[in-house]
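Take a look at the structure set out below.
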Amino acid sequence: MIHGFVESRQWHGYGARCTVSLSRGATGIAEDIRRKILTTAQEDVTKAQEAEQKQWDGQEQEKIIKGMLAQLVTLNNWHNALTGFKAENGLDGKITDHFNGYGLFVQGLSVDQLIKLTGAIKQL
């Protein structure tokens with residue numbers, strides 16, 4: 001059994017298999033490999049490359065976002081979050097990345113800050 005597949009950390013295809021008999025000639029085996037494995041190989045390589053490019057683009061976007069945020073607040077690690085942050089005014093929290101956008105969690109707000117932040121959110 002010969003199994004052809006694309007090795008990628010970002011994409012997993014099923015690959016293709018080809019059963020060959022050792023009693024067959026090299027030309028026949030090569031033709032089976034070409035027909036059963038190589039016909040889907042380019043498509044699988046393209047899908048893997050697209051998945052890896054998407055992953056790389058996401059990492060670049062994350063670096064850009066963190067760079068912009070770092071100009072406003074001090075960033076720190078926060079478990080299961082894009083980043084944690086601490087502002088000069090004592091507020092801290094985390095920013096999370098979800099399939100439908102970003103999340104913001106802020107702690108340490110006074111009542112006045114809570115009302116102001118809610119007003120700012122309403123204006124977005």
Quiz item: Which one of Asp97, Asp112, Asp44 has the biggest mean-square fluctuation once the chain is modelled by GNM with Cα springs under 10 Å?
Solution: Asp112
Quiz prompt | Exposure of Lys94 as accessible area (Å², to 10), given a probe of 1.4 Å and all protein chains | solution = 60 Å²
Quiz item: What is the helix-to-structure angle for 111-123, meaning the angle in degrees between its Cα long axis and the longest Cα principal axis of the chain, kept from 0 to 90 and rounded to the nearest 10?
Solution: 50 degrees
Self-check item: Amide H within-cut-off set for Trp78, under 5 Å, with H built and near neighbours excluded
Solution: Gly84
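Per residue, how much space in cubic angstrom lies within the convex hull of the C-alpha atoms of segment 12-124?
On the way: hull volume 17.1 nm³, N = 113.
Dividing the Cα hull volume of segment 12-124 by its residue count gives 151 Å³.
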Practice problem: Please go through segment 15-124 and write out the GluC sites (Glu not before Pro) that DSSP classes as loop and that have at most 10 other C-beta atoms within 10 Å. | Solution: Glu88
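Looking at segment 1-67, which trypsin sites (Lys or Arg not before Pro) are in a loop (DSSP not H, G, I, E or B) and have at most 13 other Cβ atoms within 10 Å? It would help to have the intermediate numbers written out before the result.
Values: sites: Arg9, Arg17, Arg24, Arg34, Arg35, Lys36, Lys47, Lys54, Lys63, Lys66; in loops: Arg9, Arg24.
Qualifying residues, ordered by number: Arg9, Arg24.
When the solvent-accessible surface of protein heavy atoms is calculated with a 1.4 angstrom probe, in what order do His98, His79 fall, highest first?
Working: His98 90, His79 150 Å².
Ranked list, largest accessible area first: His79, His98.
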Quiz item: Calculated from DSSP H runs of 4 or more alone, at -39500 (n - 2.57) each and per residue, what is the 222 nm mean residue ellipticity of the chain, nearest 500?
Solution: -14500 deg cm²/dmol
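Please work out the FRET efficiency for the pair Leu75 and Val45, using the Cβ-Cβ distance as r and a Förster radius of 30 Å; give the result to the nearest 0.05.
Numbers: r = 37 Å, r/R0 = 1.24.
Using R0 = 30 Å, I get an efficiency of 0.20.
The values are calculated or read from the model by the stated rules, or taken from the named source; none is laboratory data. None of these values were measured; they are calculated from a predicted model. All Cβ positions, glycine included, derive from the backbone under ideal geometry; neighbour counts span all protein chains shown. These accessible areas exclude ligands, DNA and RNA; they are computed on the full protein's heavy atoms, side chains included. Shrake-Rupley method; radii C 1.70, N 1.55, O 1.52, S 1.80 Å.
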